[in-house]
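Undergrad: Starting off with a structure, shown below.
Each value in this text was obtained by applying a stated rule to the coordinates, not by laboratory testing. Everything numeric in this text was worked out from a predicted model, so none of it was measured. Because the Cβ atoms are built from the backbone with ideal geometry, glycine has one as well, and the counts that use them run over all protein chains shown.
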Amino acid sequence: MQSKSPVFRALGELMDVGISFMEGLRQAKGGRSGHLGGRRYMQQKIAENFIDIDGSTRLYIGRDSIFPGPSGWPIPHDAPYKTNFDRVIISALEAGLYEKWAGDMNRQATIDSQRRQKENKKRQMDITVMQEGGKTGEEGEVGEGNNISPALDLTHLQGAFLLFLLGITVAVVMFIAEALVFKFNPSATG
């Protein structure tokens, strides 16, 4: 509270310093509070721990930063490779590689979180069904408690495909037989 600005002093009085990152996110999700932290790290932790099964979250990350600041790379002063290093870093940033990498990491964390939640939900459903004396999700994959339709693949369509091939084969054999009958017996025309 050493600032001379009344705005910063008022903000400082409203803030609690020192709670853990995850606890801050839990408080933000549960009530009327917010949490300040590194943007990328916050996006990653939200994607890992606060994504619902449908991919949504109740947490919002603001568009702008409260305390923007560039990151630094500690290298020796007057290092001969500094200009090359700067050029490579700036090229990677301008090309959007960092944004792409961060987006891929968040997308993968979201997918993993959704998968874990679906597995937990399925496990809970299996436990409930077993307690009631029914089949589990593994024994009856498309059961009463499971509204998921199986994807059709070659094993499901194999019977229809074999019937189709049998029909084509019979039609070709009949066509050849009919052609031979008309070729060798000209009086068979109707």
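Undergrad: Of the chain, which part is the longest with no chymotrypsin sites (Phe, Trp or Tyr not before Pro) in a loop (DSSP not H, G, I, E, B) and with at most 11 other C-beta atoms within 10 angstrom?
TA: My reading of the result: 82-190 is the longest stretch.
Undergrad: List the longest stretch of the chain that has no exposed loop site; here a site is one of the GluC sites (Glu not before Pro) assigned by DSSP to anything other than H, G, I, E or B, with at most 14 other Cβ within 10 Å.
TA: Free of exposed loop sites, the longest segment is 1-137.
Undergrad: Rank L11, A179, G133 by how far each Cα sits towards the positive end of the charge dipole of the chain (+1 on Lys, Arg Cβ; -1 on Asp, Glu Cβ) and give me just the farthest.
TA: L11
Undergrad: For the chain, the longest stretch holding no trypsin sites (Lys or Arg not before Pro) located in a DSSP loop with at most 11 other Cβ atoms within 10 Å is which?
TA: 64-190
Undergrad: Please list, in order along region 4-11, the HN-Hα scalar couplings obtained from phi with the Karplus expression 6.51 cos²θ - 1.76 cosθ + 1.60 (θ = phi - 60°), rounded to whole Hz, x for Gly and Pro.
TA: With coefficients 6.51, -1.76 and 1.60, one gets 8, 7, x, 5, 5, 5, 5, 5 Hz.
Undergrad: OK, next. Can you run phi through the Karplus equation (6.51, -1.76, 1.60; θ = phi - 60°) for region 96-112 and list ³J(HN,Hα) in whole Hz, with x for Gly and Pro?
TA: Each residue's phi maps through the Karplus curve to give x, 5, 5, 5, 4, 4, 5, x, 4, 4, 5, 4, 5, 5, 5, 4, 4 Hz.
Undergrad: Give the relative contact order (percent, whole number) for the chain; include only Cα pairs under 8 Å separated by 6+ residues.
TA: Result for the chain is 16 percent.
Undergrad: Now a separate question. For a Förster distance of 45 Å, can you work out the FRET efficiency between the beta-carbons of V88 and A160, rounded to the nearest 0.05?
TA: On the way: r = 57 Å, r/R0 = 1.28.
With a Förster radius of 45 Å, E is 0.20.
Undergrad: What nm value, rounded to one decimal, do you get for the distance between F8 and F182 when each label is placed 7 Å out toward the C-beta?
TA: Taking the simple label geometry, F8 and F182 are separated by 9.8 nm.
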